[in-house]
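Chemist: I'd like to ask you about the structure that follows.
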Amino acid sequence: MQKSKLDILLLVEDEPDHAHLIMDVLTEHGHLANQIIWVKDGREAVDYVLRKGKNKGRNSSRPGLILLDIKMPELDGFDVLKILKADDDVKTIPIVMLTTTRNSEDVEKALALGANDYISKPVEWEAFVKTVGELGKYWAFISDANLAK
Amino acid sequence: MHIDEENVPQVLTPEIPTSDSPRFHVDGAGGFWLFGDFGLVKKRHDDGWEQINELPGKYVSLAIGRGDELWFIFDAFAGGRAGLGRYREDVWTPFNLNTLSGEAYHGAEDTLFFAERGGDFYIVSDKSGDRPVRRSAPLSRMIRFIVQDLMGDLWVVGEGGAVFRYRSDGIPPETQILAGSVDVLHGDRLNVRFEGVERFKPKAEGIFQFSWRFDSGPWTDFRMPPEDGLPISLKVGEHSLEVRAQDEGFDVDTSAAQLTFNVHPIPLQERRWFFPVVASVSVLTLLLAGITFVSRRRIAYYAEHLQKLVDERTLDLKTANIHLNSEIAEHQQAEKALRASEQNMQELIYIASHDLQTPIVSMVGFAGIILKRYTKEMSAEGIHAVKRIKWNAEKMRKIILSLLDLSRLNTVKNPHRTIKTKILLEELFNEMGLQISEKDVAIKLRKLPDIKGDQTRITSVFRNLLSNALNYGGKNITIGFTKNAFYVKDDGIGISEHNIQKIFKAGERLKKVDVDGVGMGLTFCRKVIEQHEGKIWAESDGIGKGSTFYFTVNDS
């Protein structure tokens, strides 16, 4: 039976306002995930997923979906993508890129590096929620299917 | 088949000397003679061959028998002398006469004639005594042949048809000139000779012995024939010469002998003026050659001068080239710098647009939260103000995105692929679904061909055109393809004739209406279409009558 709700959704976003807004809208539509974890940069995101640094020995389950911003200081979205998709244990976690611009090259690059999908940063919030919801369900299903193997 | 063995030729090799190149044979003069090269003569006797080498000449070209005599002509060859020779009773006798033509003829009663090249001939007969008698032909021409008729008259046929008869019965027989014709050349000196006149007893002083006339003119008497003959200069054409003897107590045939002449024009090279003219031409040619030589020197001088000029210009050119090269290097440097700065500019625009987006996303987002959750606590004016903030932030976002698109047009080139236009538009309708449903418009999609191009940008063109059609008040929009052009037609506000040219320029906006449009959209479209080797244009029947935007791709 397929899950319709993610356990943990990891939001990687260096811009606090954007993180605030995204979490706000995701929380408002609370059916998307049980828990939303927000990390402020790429390094933190990698540490969280791979249970490194201060996340060493983290007990919580791994995220069911990662919303990953592209433009970040230090490790940017592409770097994070590369690291996570190179790790056999976590590479099946679906990653959705967040883009600010309609820059097709960024999208293509991200998809080539293994990103599972992308969405533009919200201006139309309803559309954003709808998209995240659909993606979340889809990737939760795929993710479960992979874990069941 | 029967073979008569007696008549089969016998091989006589041992007896016949063949190694000395026998050239001809003569049967007569008491034997069978074999003449070989270099004067080799062998005589066949009953009991074998006798070699006879002691010839007066070395190279016998012809031999002819006469009774027990053997007469022969030997050519001047290998140091020998030319002439006529005779062999009689084991004795070789040479007669060193003029060069003979190598022709010998049998006449009647053992008479032999040997022709000379100059037209004279020699007679060997019983009357001629121990040596051949020379006879001068009437014309100084080569004798073709000599025959003696049954009456004993001698017929000498010269080159060109002259016939001369020596009468054997007349006294003196050789004075007669017989009717004949001859071809002579204009200007030739015609020598008509009279042989045998020495037999005439000179008459008393003042009495003429002969008469002659030319072309049936008056007779001219003369006493003795001139030694060189009659000097007659003839014009081209036919002439006749008659000569008769005057019988003054002598038994002389006084009938006139007639000779006809056919005088031909002198060939070019034999004409009197030929050599002077040739000489003049030669001199002229030499003169011309001289002039040419001088001209050549002059040309050489000019060529040298020209070469100098060319060298000078080449130097100038080289100098200019060096300058040019350094200028090119400077330009390349400048271009490089320009490209670098352009690159920087692009990066700047990219960063700026991205960084500018970030706060806008926040502005729009938070304004949205206010409008969603706190409208109850706000006055109508406050709500309006927040709406304006949100609206303007969204507009700013669009401007920034357009700027970004435009700036990336020249720097980023995507590969051209086959675009399924219909699918592209259906996806675009999905993407713009909200916008379309808000405007409450009817969109018709006609049949569209697939094209080759940059899918992302062609999508942007359609997005822009469709967005314009929505924003400028259209309620019915048709997208189709006609006459090799895509079109997006609306029934919106239309475009005035004045504006129709301006709309594709950056930043132009037709009307300051409060719509979601950005003027840069059409400029972007124009650039994309130009990169696809196509054209984009708009047509409108005027304000309020809607407008249609057309574009083509891959025109070439």
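The values are calculated or read from the model by the stated rules, or taken from the named source; none is laboratory data. This one's a predicted model, so the numbers in the text were calculated from it and none came from an experiment. A quick note on method: Cβ atoms are made from the backbone with ideal geometry, for glycine too, and the neighbour counts reach across all protein chains shown.
Chemist: Quick one: in the stretch B:354-395, which of the residues that are of a type in the set (S, T, N, Q) and at the interface with chain A (Cβ under 8 Å from one of its Cβ atoms) is surrounded by the most Cβ atoms within 10 Å (Cβ to Cβ)?
Modeler: B:GLN357
Chemist: A further question on this structure: Could you check the stretch B:517-550 and list, in sequence order, the residues that are acidic (Asp, Glu) and outside any loop (DSSP other than H, G, I, E, B)?
Modeler: Residues satisfying the conditions are B:GLU530, B:GLU539.
Chemist: Taking the condition among the hydrophobic types (A, V, I, L, M, F, W, C) and more than 47 Å from the chain's Cα centre (by Cα), does B:PHE293 pass?
Modeler: Values: among the hydrophobic types (A, V, I, L, M, F, W, C): yes; more than 47 Å from the chain's Cα centre (by Cα): no.
So B:PHE293 does not fit the description; no.
Chemist: Assuming A:PRO63 fulfils every condition listed in (1) under 26 Å from A:LEU21 (Cβ atoms); (2) within 14 Å of chain B (Cβ to nearest Cβ) apart from one, which condition is it?
Modeler: Exception for A:PRO63: condition (2).
Chemist: Can you name the residue in the stretch B:462-485 that is among the basic types (Lys, Arg) and more than 60 Å from the chain's Cα centre (by Cα) and, of all such residues, is nearest to B:MET432 (Cα to Cα)?
Modeler: B:ARG463
Chemist: Still on this model: So is B:VAL488 more than 60 Å from the chain's Cα centre (by Cα), at pLDDT 85 or above and either within 27 Å of B:GLN455 (Cα to Cα) or not small (Gly, Ala, Ser) (or both) or not?
Modeler: Numbers: more than 60 Å from the chain's Cα centre (by Cα): yes; at pLDDT 85 or above: yes; either within 27 Å of B:GLN455 (Cα to Cα) or not small (Gly, Ala, Ser) (or both): yes.
Criteria met by B:VAL488.
Chemist: Tell me which of these B:THR418 doesn't satisfy, since it passes every other one: (1) within 13 Å of chain A (Cβ to nearest Cβ); (2) in contact with a Lys or Arg (Cβ under 7 Å, 6 or more places away or on another chain); (3) at pLDDT 85 or above.
Modeler: Condition not satisfied by B:THR418: (1).
Chemist: Further question: Within the stretch B:112-143, how many residues turn out to be at pLDDT below 60 and out of contact with any Phe, Trp or Tyr (no Cβ under 8 Å at 6 or more places or on another chain)? Before the answer, list the steps.
Modeler: Here is the first cut: in the stretch B:112-143, the ones at pLDDT below 60 are B:137-142.
Those still in the list that are out of contact with any Phe, Trp or Tyr (no Cβ under 8 Å at 6 or more places or on another chain) too: B:140-142.
Residues that pass the stated criteria total 3.
Chemist: If you don't mind, another one. Give the residues of the stretch A:99-121 that are free of Cβ contacts under 8 Å to residues at least 60 places away in the same chain, within 14 Å of chain B (Cβ to nearest Cβ), buried (at least 17 other Cβ atoms within 10 Å of the Cβ) and assigned to a loop (DSSP other than H, G, I, E, B), sorted by residue number.
Modeler: Once the filter is applied, which keeps residues that are free of Cβ contacts under 8 Å to residues at least 60 places away in the same chain, within 14 Å of chain B (Cβ to nearest Cβ), buried (at least 17 other Cβ atoms within 10 Å of the Cβ) and assigned to a loop (DSSP other than H, G, I, E, B), the stretch A:99-121 yields A:THR100, A:THR101, A:ASN103.
Chemist: Continuing with the same structure: Just give me the residues in the stretch B:292-327 being among the β-branched types (Val, Ile, Thr) and surrounded by 11 or more Cβ atoms within 10 Å (Cβ to Cβ), in sequence order.
Modeler: Listed by number, the residues that qualify are B:THR292, B:ILE299, B:VAL310, B:THR314.
Chemist: Let me ask you something else. Does any residue of the stretch A:71-88 turn out to be within 12 Å of the chain's Cα centre (by Cα), within 14 Å of chain B (Cβ to nearest Cβ) and within 27 Å of B:THR358 (Cα to Cα)?
Modeler: Within the stretch A:71-88 (the criterion being within 12 Å of the chain's Cα centre (by Cα), within 14 Å of chain B (Cβ to nearest Cβ) and within 27 Å of B:THR358 (Cα to Cα)), the answer is yes, since at least one residue qualifies.
Chemist: At least 2 residues that are without any contact (Cβ under 8 Å) to a residue 40 or more places away in the chain and among the acidic types (Asp, Glu) in each: list the helices (runs of 4 or more DSSP H) lying fully within the stretch B:412-494 that qualify.
Modeler: In the stretch B:412-494, B:421-431 are the helices (runs of 4 or more DSSP H) which contain 2 or more residues that are without any contact (Cβ under 8 Å) to a residue 40 or more places away in the chain and among the acidic types (Asp, Glu).
Chemist: Among the listed residues B:ILE436, B:ILE370, which satisfies the condition of being modelled with pLDDT of 75 or more and either assigned by TED's automatic domain parsing to the domain that holds B:SER467 or among the charged types (D, E, K, R) (or both)?
Modeler: Result of the check over B:ILE436, B:ILE370: B:ILE436.
Chemist: For the stretch B:396-415, which positions are of a type in the set (A, V, I, L, M, F, W, C) and facing chain A (nearest Cβ under 9 Å)? Even if it seems obvious, please write down each step before you answer.
Modeler: Keep residues of the stretch B:396-415 that are of a type in the set (A, V, I, L, M, F, W, C), which gives B:396, B:399-401, B:403-404, B:406, B:409, B:412.
The answer is B:ILE400, B:LEU401, B:LEU404, B:VAL412.
Chemist: Can you tell me which residue is farthest from the other protein chains (Cβ to nearest Cβ) among those in the stretch B:333-353 that are among the small types (Gly, Ala, Ser) and surrounded by fewer than 18 Cβ atoms within 10 Å (Cβ to Cβ)?
Modeler: B:ALA334
Chemist: Shifting gears a bit: Applying the selection to the stretch B:535-550, what residues are hydrophobic (A, V, I, L, M, F, W, C) and either closer than 11 Å to B:LYS489 by Cβ or under 60 Å from the mean Cα position of the chain (by Cα) (or both)?
Modeler: Residues satisfying the conditions are B:ILE536, B:TRP537, B:ALA538, B:PHE549.
Chemist: Out of (1) part of a loop (DSSP other than H, G, I, E, B); (2) in contact with a Phe, Trp or Tyr (Cβ under 9 Å, 6 or more places away or on another chain); (3) among the aliphatic types (A, V, I, L, M), the odd one out for A:VAL96 is which?
Modeler: Failed condition: (1).
Chemist: What is the one condition in (1) within 14 Å of another protein chain (Cβ to nearest Cβ); (2) under 14 Å from the mean Cα position of the chain (by Cα); (3) acidic (Asp, Glu) that A:ASP41 does not satisfy?
Modeler: Here A:ASP41 meets the rest and fails (1).
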